[in-house]
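A quick write-up on the structure given underneath.
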């Protein structure tokens, strides 16, 4: 199919203010992780967020703009939190990057546990060698 502009006089242009919607929202199926009320809140937060994804909007302000009750905003927020799309500490929202989280860095405790496990394996191997040697000489 050949694409063509349907209304050339209304071609979208990048606005002066900061705002975007990442295509990975659909492509990586993030939209399937929340219901339409939560996605309406997400769209609102994307629109009002600054370049770091931050915004301060109280439920009482958001609700009438989305034709919702404050309780519905709270439920929608919980859906977005569970989906890993936002972070929230009243009154601050942060729209999160859709990138997968970075791999966990090994901690000193992880290293110590691996070292103990290797030491335990070495002792077990040594024990098996000694047992085999004793059995062979018995």
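The values are calculated or read from the model by the stated rules, or taken from the named source; none is laboratory data. Every value quoted in this text rests on a predicted model; they were computed, and no experiment measured them. Positions of Cβ are generated from backbone atoms using ideal geometry, with glycine treated the same way; all protein chains shown enter the neighbour counts.
Would you confirm whether any residue within the stretch 97-107 is at pLDDT below 95 and part of a helix (DSSP H, G or I)?
Kept after step one, since they are at pLDDT below 95, are these residues of the stretch 97-107: 97-107.
Okay, now just the ones that are also part of a helix (DSSP H, G or I), so none.
Within the stretch 97-107 (the criterion being at pLDDT below 95 and part of a helix (DSSP H, G or I)), the answer is no, since none of the residues qualifies.
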If only one of 55, 61 is surrounded by 12 or more Cβ atoms within 10 Å (Cβ to Cβ) and under 22 Å from the mean Cα position of the chain (by Cα), which one is it? 55
Scan the stretch 34-44 residue by residue and report those that are touching a helix residue (DSSP H, G or I) at 6+ places or on another chain (Cβ under 8 Å) and part of a helix (DSSP H, G or I). 37, 38, 39, 40, 41, 42, 44
Test residue 72 against the stated conditions and say whether it is over 17 Å from residue 87 (Cβ atoms) and surrounded by 15 or more Cβ atoms within 10 Å (Cβ to Cβ). yes
Taking the stretch 48-77 only, how many residues are out of contact with any helix residue (DSSP H, G or I) (no Cβ under 8 Å at 6 or more places or on another chain) and in a helix (DSSP H, G or I)? 4
